[in-house]
Structure formats: structure tokens, C-alpha cells
Amino acid sequence: MSGRRHEQPVPARSVARRLRLAFILLAGTAIAEGADRPAPAMDEEIDFLVAAVAGSDCTFIRNGREHDAGAASKHLQMKRERGRRHYDSTEEFIDRIASKSSWSGRDYLIRCDADEAQTAKNWFTAKLARYREDAAD
């Protein structure tokens, strides 16, 4: 004997199965690595919302206590960074992060000028709608 092993050819079906499995594993890894990073459009929209808070003359009411725009935007940015795994869209950010206290569950309120206080959810939703309208023009 010559010392060579005779290897059986790998059936095409087995190769295809292995390639599919490799693709699924690679795709899953890519998705998992990007899961904690927001999409660029979403990140830009949330940047806009945080800046809208900072640039407003509104009073933000959190758990019954009033805060100026600067304090509110800092708090919102902190919640944004700590809560990234809890939202996958700007709407989820508004619902889950920006609109209510994670501590008490109470809705945040926003009062601008002499207007009545409104929920932060309504305020942010209106700001987002205007931002998207302007972006579409």
C-alpha cells in the first residue's frame, strides 16, 4: 500500500447544509454585535429630541418635582444611555424611556409657557412628527 487514505467525496447536500449553517451563524453574530447600537436614523431622531428638550423654555415635571430644561435633558440623556437595550425605535424610546419614571411608573409632564402641562409622551411624539415632516421636505 502506498500510505494514502482514500477519502470519500462529500455529498453536495452536506456541503450546502454546512454552508447554510455557517451563514446563519455569521448572520446571527452580526445581528447580535449590532443589537445594542441604534440605527443611524433613530439615533439622529433621539439626538433631536434631547436637543429639543435642552433648547426649550419648558418645565419638566418628574415624580411631582419641577426641573428646568437643562436638568431634564441631562436626565433624559442618562436614561437614554442606560436604557439602550430597552428600545429598538424612536417610538419605543419615547414610550419606554422618555415618557415616564422607571422608578415610580408615573408619567412625566411638560409645561411650556402658560400652557397646561401635557404628558411627555404627547410632547415628544409631536416633536418627532414635526422633525420627520421637515426631513421629508
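Read-outs: derived from the displayed coordinates by stated rules, not from any lab. Predicted, not measured: the structure shown is a model, and the values here were computed from it. All Cβ positions, glycine included, derive from the backbone under ideal geometry; neighbour counts span all protein chains shown.
How much net charge surrounds GLY64 when only the other residues with a Cβ under 15 Å from the Cβ of GLY64 are counted, with Lys and Arg +1 and Asp and Glu -1?
Working: positive: ARG62, ARG65, LYS100, ARG106, ARG111; negative: GLU66, ASP107.
Once positives and negatives cancel, what remains is +3.
A simple spin-label model places pseudo-atoms 7 Å from Cα toward Cβ; at GLU133 and GLU91 they are separated by 1.8 nm. A dipole drawn for the range 69-137 from +1 and -1 charges on Cβ atoms has a positive end, and of TRP123, ILE110, ILE97 the residue lying farthest that way is ILE97.
Note on LYS79: lysines with a C-alpha under 16 Å away, same-chain residues under 8 apart excluded, are LYS100, LYS121.
Average projection, convex hull of the Cα set of the range 54-137: 5.8 square nanometres.
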